[in-house]
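Beneath this line is the structure, given in structure tokens, with notes to follow.
The values are calculated or read from the model by the stated rules, or taken from the named source; none is laboratory data. Quick caveat: nothing in here was measured; it's all calculated off a predicted structure. When we count neighbours, we look across all protein chains shown, and the Cβ atoms used for this are built from the backbone with ideal geometry, even at glycine.
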Amino acid sequence: MITSGVVSVLLAGCASATHDDSRTSQQAVPTPSTTSSSTTVTSTKAASPTAAPANGAPISDVIRWIEAGHPVDPGGFHSATRDGATVALGSEIAFVTAGAEANCVTNSHLDGALSCLVKLTDPPPRPEAVDGMWKGNWIDFAGTTLDIGSTHGDPGPFVNGTGAELASGQTLSFGDYRCRADGAGLFCVNYAHQSAVVMAAAGVEPFGCLQATTPPPGIGRHFSC
């Protein structure tokens, strides 16, 4: 015979076991917040551009294109070579693109503006009544201005020769500028003025704030912000 005391003990044990099972079952169920957070994470990184910007592209697209290239150490572009002799340029920069299609230097005579000699297929013609030697392929990009074709009495910043080659796909940063070499041309941006230019055999075209204006005396084509 089971006494009333034993029955009381058994009932208490069953009640305790039922309470513990309920607590264990609640802990095993994942919370809704955990489940939803693991399925809503998305990437916000923009894809790198795959093609060079066309003429008239927004400056933001040009900058993205230039920055998508492979950066190189500017330390390898502080010298120029002419007739086998190499000259150290100090803080100045000199470089060429493949086939010397563009030969560029920072021009200390123009407050560090970028000056390039480009193998243009159709350079601007010599203006009338100008003195000096006409260089239709001489480009000066100063950020707020872009000049294509000008007169010169000497080699100016190109006197020391040419710098190292900036290979296609590489980018070079110096001062307010960053340039990217590409088969479509040399793309350079001036961050300070949010302006840019592409220089290629087919021609030279501006981006950003640069707009065509009447050329000063001795200049072939002139753009200004």
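For this structure, a couple of remarks:
- Taking the conditions (1) of a type in the set (S, T, N, Q); (2) farther than 22 Å from H78 by Cβ; (3) buried (at least 18 other Cβ atoms within 10 Å of the Cβ) in turn, N190 satisfies each one other than (2).
- The number of residues in region 173-187 being touching a helix residue (DSSP H, G or I) at 6+ places or on another chain (Cβ under 6 Å), surrounded by 23 or more Cβ atoms within 10 Å (Cβ to Cβ) and either without any contact (Cβ under 8 Å) to a residue 60 or more places away in the chain or not aromatic (F, W, Y) (or both) comes to 1.
- Only residues that are in contact (Cβ under 8 Å) with a residue 60 or more places away in the chain and not in a loop (DSSP other than H, G, I, E, B) were counted in region 87-101, giving 6.
- Given (1) surrounded by 14 or more Cβ atoms within 10 Å (Cβ to Cβ); (2) of a type in the set (S, T, Y); (3) within 23 Å of Q211 (Cα to Cα), number of the condition S60 does not satisfy: (1)
- Cβ-Cβ contacts under 9 Å between residues 6 or more apart (or on different chains), taken from a first residue in region 201-216 that is free of Cβ contacts under 8 Å to residues at least 60 places away in the same chain to a second residue that is assigned to a strand (DSSP E or B) and aromatic (F, W, Y), are listed as Q211/F223; A212/F223; T213/F223.
- Of the residues making up region 102-136, those that are among the aromatic types (F, W, Y) and either under 23 Å from A181 (Cβ atoms) or assigned to a loop (DSSP other than H, G, I, E, B) (or both) number 0.
- Positions within region 63-84 being loosely packed, with under 14 Cβ neighbours inside 10 Å, touching a residue at least 60 places away in the same chain (Cβ under 8 Å) and assigned to a loop (DSSP other than H, G, I, E, B), in sequence order: D83
- Annotation: T151 fulfils all but one of (1) part of a strand (DSSP E or B); (2) modelled with pLDDT of 95 or more; (3) surrounded by fewer than 23 Cβ atoms within 10 Å (Cβ to Cβ); the unmet one is (2).
- Residues of region 192-202 that turn out to be within 19 Å of T106 (Cβ to Cβ) and either modelled with pLDDT under 95 or touching a strand residue (DSSP E or B) at 6+ places or on another chain (Cβ under 7 Å) (or both), as a count: 5
- For S115: the one exception among (1) in contact (Cβ under 8 Å) with a residue 60 or more places away in the chain; (2) crowded, with 20+ Cβ neighbours inside 10 Å; (3) among the polar types (S, T, N, Q): (1)
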